[in-house]
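To start, the structure under review is shown below, and the notes come after it.
The values are calculated or read from the model by the stated rules, or taken from the named source; none is laboratory data. Just so we're clear, the structure is a prediction, and the values are computed from it rather than from any experiment. Every residue, glycine among them, receives a Cβ derived from its backbone with ideal geometry; neighbour counts consider all protein chains shown. The protein model used for the area step is the full one, side chains on, heavy atoms only, and it has no ligands, DNA or RNA in it. Shrake-Rupley method; radii C 1.70, N 1.55, O 1.52, S 1.80 Å.
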Amino acid sequence: MSRKNKQLLACVATLTRQRPKMLEALLRSWSSLMIPEKVKVTFLVVENDTEERSKDLIETLRPAFKNCDLVYALETEPGIPFARNRAATESIEIGSDLLLFVDDDEEVPRDWLQKIIQGYRNSEAKLIGAPLRARRPKEHLTFLQKLMFTNLKSRYRKKERRASRRASLEGTTGVTIVTNNWLAETSLFSEHNIWFDESMRHTGGTDSKFYAEVTAKRISTAWVQGAHVYETIPPERLSFLYQYGRARDQSNTNFRRKNNGTVRLNLIVLTSILIKLIAVIGLILTLPITAGRTLMTLARALGWIAGRIGAIAGSRSTLYSSTTGN
């Protein structure tokens with residue numbers, strides 16, 4: 001049976017840890033989705049916490065989901081890969097052909113599901129990604145927060161444009177598919193035995209590793225350019241220190257993963273750090289000229305250097321040991 005005519009059971013999942021306002025916004029956007037033909041959807045919320053903190057909210061909003069199921073699961077083992085794997089397990093148990101991830105700080109347009117399912121049906125891919133766009137928070141922002149949001153929004157747009165040039169329904173060379181906007185056949189888990197690495201409990205980067213394992217097995221991937229979602233950026237993330245710390249932890253994790261956990265200082269690594277340091281000096285000197293438009297680039301470049309040095313010194317990322325936003 002072709003993908004176009006197949007009766008699909010899609011499971012949309014999110015990961016949440018004590019962010020009720022953001023979760024509510026996501027759930028309300030889910031409830032307004034246009035459901036594609038021949039698709040049955042189960043909306044799943046996986047809460048990664050020691051107790052049920054979001055279940056009451058889900059029960060309150062359940063009546064808004066008139067033609068779809070809204071279900072809840074509590075994953076008490078701390079760490080984002082445990083929650084993601086729990087979502088996959090739940091999806092397999094209810095018989096889902098597809099698993100879709102979005103984060104609990106995002107909202108989806110009404111046509112998002114239609115577009116990403118259409119992309120799936122028009123490709124041969126078992127793993128699909130799509131763009132993420134930044135949405136300004138409703139709270140009052142300081143001047144520096146406004147400046148950082150402008151930087152962040154610009155960065156997301158650049159990543160989206162780069163992905164549109166490099167990736168399509170035919171493949172994703174040069175683009176990494178991550179779980180902020182993600183579709184996968186559940187067969188990747190049940191048949192190919194690819195799971196999120198639970199040893200990376202708080203480091204982040206498990207979705208990048210998942211993608212690397214998928215491509216290493218020569219499993220087809222695709223990119224759906226029009227199926228974007230929106231991430232609301234909490235004010236506390238719009239700081240130089242937060243963006244520096246996020247870049248540091250991502251740099252640390254990626255460096256370790258690419259070197260199979262064995263990180264040593266050598267001439268190539270030293271040269272790359274020195275080149276990045278020269279770039280940092282240039283960014284500092286030109287910051288007044290760019291009117292702050294390179295502030296995030298500076299924060300991330302410093303974080304990149306710190307992450308590399310930290311990995312060499314033996315430190316590990318703790319990117320997801322705590323959360324921000326509400």
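What does the helix-only formula give at 222 nm for the chain: each DSSP H stretch with n ≥ 4 adding -39500 (n - 2.57), the total divided by the residues, and the result rounded to the nearest 500 deg cm²/dmol?
-14000 deg cm²/dmol
Among the helices of the chain (complete DSSP H runs), which have Cα atoms covering no less than 18 Å along the helix axis and a Kyte-Doolittle mean of at least 1.6?
Going by DSSP H runs, the hits are 267-286.
In whole Å, what are the Cα extents of region 64-215 along the three principal axes, biggest one first?
Cα extents, longest axis first: 50, 39, 38 Å.
Over region 252-308, consider all pairs of different Cα atoms and compute the Kirkwood hydrodynamic radius from their mean reciprocal separation; express it in Å, one decimal.
Kirkwood radius, region 252-308: 12.3 Å.
Given a 1.4 Å probe, how much area per residue of the chain is accessible, in Å²?
Solvent-accessible surface per residue comes out at 49 Å².
Order the peptides 262-269, 157-164 from the highest to the lowest mean number of other Cβ atoms within 10 Å of their residues.
Ranked by mean Cβ neighbours within 10 Å, highest first: 157-164, 262-269.
Work out Dmax and Rg for region 1-152 from the C-alpha atoms and quote the Rg first, both in angstrom.
16.5, 56
When every alpha-carbon pair in region 191-289 is counted, what percent end up more than 16 Å apart?
Value for region 191-289: 74 percent of Cα pairs lie more than 16 Å apart.
Over the chain, what percent of the accessible surface lies on carbon and sulfur atoms, probe 1.4 Å?
Summing carbon and sulfur atoms, their accessible area is 51 percent of the total for the chain.
Could you work out the equivalent-ellipsoid semi-axes for region 154-235, taking the square root of 5 times each eigenvalue of the Cα gyration tensor, largest first, in whole Å?
They are 22, 18, 11 Å, listed largest first.
Can you match semi-axes √(5λ) of the Cα gyration tensor in Å to one of these, (1) 33, 23, 20; (2) 40, 25, 16; (3) 28, 24, 20, based on a calculation from the structure here?
Given (1) 33, 23, 20; (2) 40, 25, 16; (3) 28, 24, 20, the structure-derived one carries the label (1).
If DNA, RNA and ligands are ignored and the probe is 1.4 Å, what is the ranking of Y230, Y120 by accessible area, most exposed first?
From most accessible down to least: Y230, Y120.
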